[in-house]
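The values are calculated or read from the model by the stated rules, or taken from the named source; none is laboratory data. Given the structure is predicted, the values throughout are model-derived calculations rather than measurements. Neighbour counts are summed over all protein chains in view; Cβ atoms, including those assigned to glycine, are modelled from backbone coordinates with ideal geometry.
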Amino acid sequence: MIDRESTFANPSIVKLLQTQFIPVAIDQAYQRRQKDNEGRFYQKIANQSPRKVGRGTTQGLFTADASGRLLGFTNNRGADRVLGMMKSSLQKHRPVKVAAIAKGTPDARYNPKPPTGGLVVRVTSKVLGGYEKTDNEYRRIFQASLGRDNLWIRAAEHTALAKGELPKSLLRRIARFHLVDNTRGEPPMWDNNEIKKLEGVLRKGQLRATVHLRTANNDRGYEAQLFGRIETKNGKVTRLDLVAKGTFWGEGRYTRNAPKGRFPLAVAFTLADGKDAADSIPPQGSRGWVQGYLK
């Protein structure tokens with residue numbers, strides 16, 4: 001979401017992506033580990049860059065030709081740097097004829113699918129205030145950014161919701177993996193013992209819940225109220241809209257520069273319609289641990 005306000009807000013970059021490149025967005029934490037044709041193609045490209053597989057993250061922006069030859073790389077969000085890399089890549093490009101990559105059998109460990117009979121819910125987070133004013137453009141973009149994730153609901157939980165019941169497993173999953181400040185980067189999730197209060201009820205389609213989350217040394221926490229509405233038809237959930245709003249404090253290793261002290265954070269949940277390609281992206285908290293996430 002941050003890149004939309006920086007790199008991909010530049011009209012020259014957008015035009016080149018639309019006319020001269022085939023854009024592909026991936027989760028490199030998966031692709032750099034996948035033992036399948038897709039993973040091997042990505043790993044071939046990454047290994048020609050400074051971000052080689054096996055040396056930590058391969059995060060960045062890559063350009064390559066159809067054969068997998070690296071044409072350019074940068075891990076900088078600056079529009080000028082990215083645009084320069086793209087133009088340089090086009091100058092290096094020489095059309096080549098290559099055989100199509102066989103799809104093969106995907107590595108199931110890194111291709112999780114939403115639960116059959118379950119639900120996918122879009123999750124959006126926003127810091128509502130507390131930041132100090134800044135003249136730094138990138139700091140400003142981080143301060144205004146949204147967090148985006150997906151919540152997966154199991155089939156049994158879907159059935160319970162349709163009956164007017166609120167599964168404890170679902171409420172706990174929401175608290176642990178989705179009531180986080182992911183607006184500036186990848187957040188730490190909450191451990192079970194960091195849930196200090198978790199109470200909720202669903203009556204006549206109205207959901208109300210109270211959540212208190214706090215680390216052992218109190219350097220990070222969130223105290224929030226959840227309010228929402230759930231509608232059903234023929235035993236299926238047709239509407240799910242929730243909002244969590246409360247006071248957050250602290251930051252994680254990859255979510256630095258949070259507002260000082262306590263600040264307002266809101267997290268919104270709405271039922272996905274399956275029309276957005278992003279609806280199929282696994283939840284952040286399920287990375288490498290899908291069964292644990294769905295527990």
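Here are a few things to note about the model shown:
- Of the residues making up segment 56-64, one or more are free of Cβ contacts under 8 Å to residues at least 12 places away in the same chain and outside the structural domain of residue 170 (by TED's automatic domain parsing).
- For segment 94-129, filtered to residues that are over 30 Å from residue 259 (Cα atoms) and among the charged types (D, E, K, R), the residue that is surrounded by the most Cβ atoms within 10 Å (Cβ to Cβ) is 107.
- Some residue of segment 216-238 being touching a helix residue (DSSP H, G or I) at 6+ places or on another chain (Cβ under 7 Å) and without any contact (Cβ under 8 Å) to a residue 40 or more places away in the chain: no
Residue by residue, here is whether (1) at positive phi; (2) outside the structural domain of residue 131 (by TED's automatic domain parsing); (3) surrounded by 14 or more Cβ atoms within 10 Å (Cβ to Cβ) holds:
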site	(1), (2), (3)
239	no, no, no
245	no, no, yes
250	yes, no, yes
270	no, no, yes
278	no, no, no
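- From the options 229, 262, 287, 239, residue that is under 20 Å from residue 192 (Cβ atoms) and of a type in the set (Lys, Arg): 287
- Any hit, segment 193-206, residues being assigned to a loop (DSSP other than H, G, I, E, B) and either of a type in the set (Asp, Glu) or within 26 Å of residue 113 (Cα to Cα) (or both): no
- Those residues of segment 65-82 which are in a helix (DSSP H, G or I) and either in contact with a Lys or Arg (Cβ under 7 Å, 6 or more places away or on another chain) or surrounded by fewer than 16 Cβ atoms within 10 Å (Cβ to Cβ) (or both), in sequence order: 80, 81
- Total residues in segment 29-47 satisfying the condition of being in contact (Cβ under 8 Å) with a residue 24 or more places away in the chain and either surrounded by fewer than 18 Cβ atoms within 10 Å (Cβ to Cβ) or in the same structural domain as residue 286 (by TED's automatic domain parsing) (or both): the figure is 7.
- Verdict on residue 8 being under 22 Å from residue 145 (Cβ atoms) and in a helix (DSSP H, G or I): yes
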